[in-house]
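Note sheet for the following structure.
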Amino acid sequence: MQDNQEPTYSISELAKEFDITTRSIRFYEDQGLLSPERHGQTRIYSKRDKVRLKLILRGKRLGFTLAETGRLFELYDADKSSAKQLHTMLQLIEEKKADLSQQMDDIKVVLMELVTAERRCLDTLKNLDE
């Protein structure tokens, strides 16, 4: 990290801080989500890159694809007022909520089927013991 300028980070510092691999960070760079400066073969990450990495990881936890995260970054870069970004984010949140609700419904159905199968197995075993 440099003392007289905005803080910078090495790939290994970011990997350690976010508990991810350097390979993951390079992948996000390959996807256009991060854009570190380069000095020879060395990547120098800015505070902006660090914030973006944090947002990428948060987005993943919330179920956003890297493409969706990239879309939000592009909107923010194009419109710093972020109104369009916020509307897009709300739309994506609504879609994720609907997806999760559907998954919950699907899980409930599978659980009921498992309970039914378990009950049948137990009944069959009980009848075999009699």
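The values are calculated or read from the model by the stated rules, or taken from the named source; none is laboratory data. All values reported here derive from a predicted model rather than from experimental measurement. Glycine gets a Cβ as well: all are built from the backbone with ideal geometry, and neighbour counts include every protein chain shown. The protein model used for the area step is the full one, side chains on, heavy atoms only, and it has no ligands, DNA or RNA in it. Shrake-Rupley method; radii C 1.70, N 1.55, O 1.52, S 1.80 Å.
Does at least one position in the stretch 64-76 carry a residue that is open to solvent by 30 Å² or more (accessible area, probe 1.4 Å) and closer than 12 Å to Ile11 by Cβ? Within the stretch 64-76, not a single residue is open to solvent by 30 Å² or more (accessible area, probe 1.4 Å) and closer than 12 Å to Ile11 by Cβ. Cβ separations smaller than 6 Å between residues 6+ apart or across chains give the following pairs from the stretch 43-69 residues that are over 15 Å from Glu29 (Cβ atoms) to residues that are hydrophobic (A, V, I, L, M, F, W, C): Glu68/Leu92. For the stretch 18-41, taking the residues that are farther than 15 Å from Arg71 by Cα and aliphatic (A, V, I, L, M), the one that is surrounded by the most Cβ atoms within 10 Å (Cβ to Cβ) is identified as Ile25. Only one entry in Glu113, Glu130 is at pLDDT below 90 and open to solvent by 100 Å² or more (accessible area, probe 1.4 Å), namely Glu130.
Checking the structure you have, find out if any residue of the stretch 45-53 is in contact with a Phe, Trp or Tyr (Cβ under 8 Å, 6 or more places away or on another chain) and over 30 Å from Lys16 (Cβ atoms). Among the residues of the stretch 45-53, not one is in contact with a Phe, Trp or Tyr (Cβ under 8 Å, 6 or more places away or on another chain) and over 30 Å from Lys16 (Cβ atoms), which makes the answer no. Each residue in the stretch 88-104 was checked for being open to solvent by 80 Å² or more (accessible area, probe 1.4 Å) and over 27 Å from Ala78 (Cβ atoms), and 4 of them qualify.
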